[in-house]
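The values are calculated or read from the model by the stated rules, or taken from the named source; none is laboratory data. Keep in mind the model is a prediction, meaning the values are calculated, not measured. Every residue, glycine as well, gets a Cβ built from its backbone with ideal geometry; the counts of neighbours run over all protein chains shown. With ligands, DNA and RNA removed, areas are computed over all heavy atoms of the protein, side chains included. Shrake-Rupley method; radii C 1.70, N 1.55, O 1.52, S 1.80 Å.
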Protein chains: 2
Amino acid sequence: MSDQPPSTPLALDPGAQELLFRSAHTANTFTGEPVTDEQIRAVYDLVKYAPTAFNQSPLRVVLVRSAEARQRLLTHLSEGNRAKTAGAPLTALLVADHDFHHELPRLFPKMPQAKDVFFSERADRERSAAFNGALQIGYFIVGIRAAGLAAGPMSGFDAEGLNKEFFPEGDRRVLAVVNIGKPGPDAYRPRAPRLEYDEVVSSV
Amino acid sequence: MSDQPPSTPLALDPGAQELLFRSAHTANTFTGEPVTDEQIRAVYDLVKYAPTAFNQSPLRVVLVRSAEARQRLLTHLSEGNRAKTAGAPLTALLVADHDFHHELPRLFPKMPQAKDVFFSERADRERSAAFNGALQIGYFIVGIRAAGLAAGPMSGFDAEGLNKEFFPEGDRRVLAVVNIGKPGPDAYRPRAPRLEYDEVVSSV
C-alpha cells in the first residue's frame, strides 16, 4: 500500500489505483514465470484505445524472445541494465514507426488527406512518431500493470546501435526497452520522492 | 461498452478497463460543470507515481483559468480546436521543463551525480524532457479518466507561438494542450479503427 490515502475520491476504485499507480513499482528482478503472447495481446487489446494525434498509433512492439536476439539486444544496453534484462522472462523493444502515415487513411477516415497534408515530410513524421509513440509507451506501461505484471522500463541503451541492429533499413527508432514479468526477490528500490503538487501544477 | 470483450482476463477489473480505456473517448464538447483544483490534485496524486527515466519528472501543468489567459491561448490554437476549447470548463497546458535537472539530486538520490553526468547539456535535457514529458502526458490522460472526467488532448497549435506567449524565458516547451471536463452533448466521434495486434506486435 502507498504511504498516503487519496486526498479526494476518484472514480477509479482503490484496488485499481493501487494496481496501476500507488503500489506499482519499476521492477529490477523477475521470477522465471514466462510471459505469454496471450498476455501481451490482452495488454494491447486494452491500451490500443488510448488517444494519439490523428489516431496515428505509431508504436510498434518487438518481443525479444530468441536467445540469439536477446544476446544482440544485451550488447547495446548500458552495463547497469544488462544483468536484470538477461534475467527477465520477456523484454520488449518499444519502437516508433516512421512510416505510420501509410495506415492513416484507415486509422483517421475523418480526414483522408491528413497523410499528405501533415505527414509528407519524413522529419515531421519522425517528430510526431516520437511524441505519440512516447504517449503510447505511457499507456503500455499502465497496461502491463493492468495484466498483473511488473514493468522495468529502460532508457539506458545505445540508441543508434540498437536501431541499426534491429532496424537497419532506418524506418524505425527504438524509444525505450522494457522488461516484463512477475517481480522477483528484492525487485523494488525504495520509492524515490515525487514533486509536490505545487511544484508541478500552477494556474494562470 | 466496447465492441468486444477482453480476449484474456486482466488483473484490472472490467469496470476500470471500461473507465480508463474501452469506453473512454476523446471528448469534443463539455458540460459547464467546473473542474476544481481538488480534482486536478487527485489526478496528480495518483499519476505522480508512474515511472520516468531517473525519476526526472519533467512534466509541468499550467491550468488556464483566467479569461485573459484563455484568450491568449485560443489565438495560438489551430482553428479547428478553438471553439471546443472555448467551451471547455478547463484547459491545461502540458509542458516540459528543461530545467528539471535542478531537482534531480532530490528526485533520484540513488545517483546524486546524474544531474552533472547526464544532463549538463541543454540539448540532452530538452530531448529527455520531451520523451519523459510525453510519457507523463500518457499517464495524465489516464488519470483524468480515473477522476471520472473526459480528456480532449490536442496537438494542433502553433508551438512556437504558445511557448513565447506563456514561457518567454525559453526554459519550457508546450508538448500538448488538453481540455478537461464532463462530456457534453455529441461529445464523441465514432471510434476510429485501431491497428490489429499482428500489425503492432512482432517477435524476434
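Yes/no matrix, rows are residues, columns are (1) within 25 Å of residue B:108 (Cα to Cα); (2) within 7 Å of chain A (Cβ to nearest Cβ); (3) touching a residue at least 12 places away in the same chain (Cβ under 8 Å); (4) not hydroxyl-bearing (Ser, Thr, Tyr):
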position	(1), (2), (3), (4)
B:39	no, yes, yes, yes
B:43	yes, no, yes, yes
B:47	yes, yes, yes, yes
B:50	yes, yes, yes, yes
B:58	yes, no, yes, yes
B:63	no, yes, yes, yes
B:70	no, no, yes, yes
B:73	no, no, yes, yes
Identify, by number, the condition in (1) assigned to a strand (DSSP E or B); (2) of a type outside the set (D, E, K, R); (3) within 24 Å of residue B:140 (Cα to Cα) that residue A:63 doesn't meet. (3)
Which is touching a Leu at 6+ places or on another chain (Cβ under 6 Å) and among the basic types (Lys, Arg), of B:191, B:172, B:145? B:145
For region A:183-204, give me the residue count where each residue is open to solvent by less than 70 Å² (accessible area, probe 1.4 Å) and more than 24 Å from residue B:56 (Cα to Cα). 2
Just a yes or no: is a residue in region A:162-170 surrounded by fewer than 16 Cβ atoms within 10 Å (Cβ to Cβ), touching a residue at least 24 places away in the same chain (Cβ under 8 Å), of a type in the set (Asp, Glu) and not in a helix (DSSP H, G or I)? no
Among (1) within 10 Å of chain A (Cβ to nearest Cβ); (2) open to solvent by 10 Å² or more (accessible area, probe 1.4 Å); (3) over 18 Å from residue A:131 (Cβ atoms), where does residue B:112 come up short? (1)
When the residues of region A:116-139 are narrowed to those that are more than 10 Å from every other protein chain (Cβ to nearest Cβ) and surrounded by 20 or more Cβ atoms within 10 Å (Cβ to Cβ), which ends up nearest to the chain's Cα centre (by Cα)? A:129
Checking residue B:96 against (1) in contact with a Lys or Arg (Cβ under 6 Å, 6 or more places away or on another chain); (2) within 8 Å of another protein chain (Cβ to nearest Cβ); (3) among the small types (Gly, Ala, Ser), which single condition isn't satisfied? (2)
Sole residue being within 25 Å of residue A:190 (Cβ to Cβ), touching a residue at least 24 places away in the same chain (Cβ under 8 Å) and in contact with a His (Cβ under 9 Å, 6 or more places away or on another chain), chosen from B:187, B:114, B:150: B:114
Residue that is closer than 20 Å to residue B:30 by Cα, under 17 Å from the mean Cα position of the chain (by Cα) and away from chain A (no Cβ under 11 Å), where the choices are B:181, B:143, B:156, B:148: B:181
Condition test on residue A:17, is it facing chain B (nearest Cβ under 9 Å), open to solvent by less than 60 Å² (accessible area, probe 1.4 Å) and in contact (Cβ under 8 Å) with a residue 60 or more places away in the chain? no
Looking at region B:92-109 only, could you name the residues that are open to solvent by less than 10 Å² (accessible area, probe 1.4 Å) and assigned to a helix (DSSP H, G or I)? B:100, B:104, B:107
Looking at residue A:79, is it of a type in the set (Asp, Glu), open to solvent by 50 Å² or more (accessible area, probe 1.4 Å) and free of Cβ contacts under 8 Å to residues at least 40 places away in the same chain? yes
Give A:67, A:50, A:86 a once-over and let me know the one that is small (Gly, Ala, Ser) and either modelled with pLDDT under 95 or crowded, with 16+ Cβ neighbours inside 10 Å (or both). A:50
Hey, could you check region A:184-204 for residues that are at the interface with chain B (Cβ under 8 Å from one of its Cβ atoms) and in a loop (DSSP other than H, G, I, E, B) and say which is nearest to residue B:91 (Cα to Cα)? A:204
Unique residue being surrounded by fewer than 17 Cβ atoms within 10 Å (Cβ to Cβ) and part of a helix (DSSP H, G or I) when the list is B:33, B:38: B:38
